[in-house]
Amino acid sequence: MSSPMVPLLALLASTFVLAANASNVTCSGTGMNWYTNFVGESPCRTYERLRQICNPAFQVGVMRTNTPPDVCDEQLADCCCNSIAFALAMLCLNCQQNIGTSSGYDAGNFVHDHVVHA
Ligand SMILES: *[C@@H]1O[C@H](CO)[C@@H](O)[C@H](O)[C@H]1NC(C)=O
């Protein structure tokens, strides 16, 4: 005798995993842990909050792997058209793609100097 609950639970569990992976502000690996541990949130979340100063509805999308990683098409461009927003978008790209700080799209030193120690 098999319980009808088992497939239902399996379905719920897999839906939850898919939903958890779908967030664009969650890092896909541990490469950005230095940032997340230090700042207390992922670089994508910092980037999102920065952009939300100008556009409260802004949500982080999937960063593009050819730079610039994100478009700045706001009416009020002050929040995305600056070097800190660019560096955060680069870190967010690293976070989504799970690339470490010393390889790939490296804006880590810039943000470390200008944001973390600001
Ligand atoms: C992630 O961003 C893409 C667009 O780049 C969007 O279609 C998708 O809905 C976003 N996912 C979440 C969970 O916000």
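None of the figures in this text is laboratory data; all of them are computed from the coordinates on show. None of these values were measured; they are calculated from a predicted model. Cβ coordinates were reconstructed from backbone atoms using ideal geometry, including for glycine residues, and neighbour counts include every protein chain displayed.
Quick notes
- Estimated inter-spin distance, Val39 and Thr67, nm [label 7 Å along Cα→Cβ]: 1.7 nm
- A simple spin-label model places pseudo-atoms 7 Å from Cα toward Cβ; at Ser28 and Arg49 they are separated by 2.5 nm.
- Neighbours of Ser42, meaning other residues whose beta-carbon lies under 12 angstrom from its beta-carbon, give a summed charge of 0 when Lys and Arg score +1 and Asp and Glu score -1.
- Each of Arg49, Arg64 was scored by other Cβ atoms within 10 Å of its Cβ. Listed from fewest to most, they are Arg64, Arg49.
- As a proxy for reagent exposure, ranking Leu88, Leu50, Leu76 by other Cβ atoms within 10 Å from fewest up yields Leu76, Leu50, Leu88.
- For Glu74, the shell of other residues with beta-carbons less than 14 Å away shows a net charge of -3, using +1 for Lys and Arg and -1 for Asp and Glu.
- Within the shell of other residues whose beta carbon sits under 10 angstrom from the beta carbon of Ala85, the net charge comes to -1, with Lys and Arg scored +1 and Asp and Glu -1.
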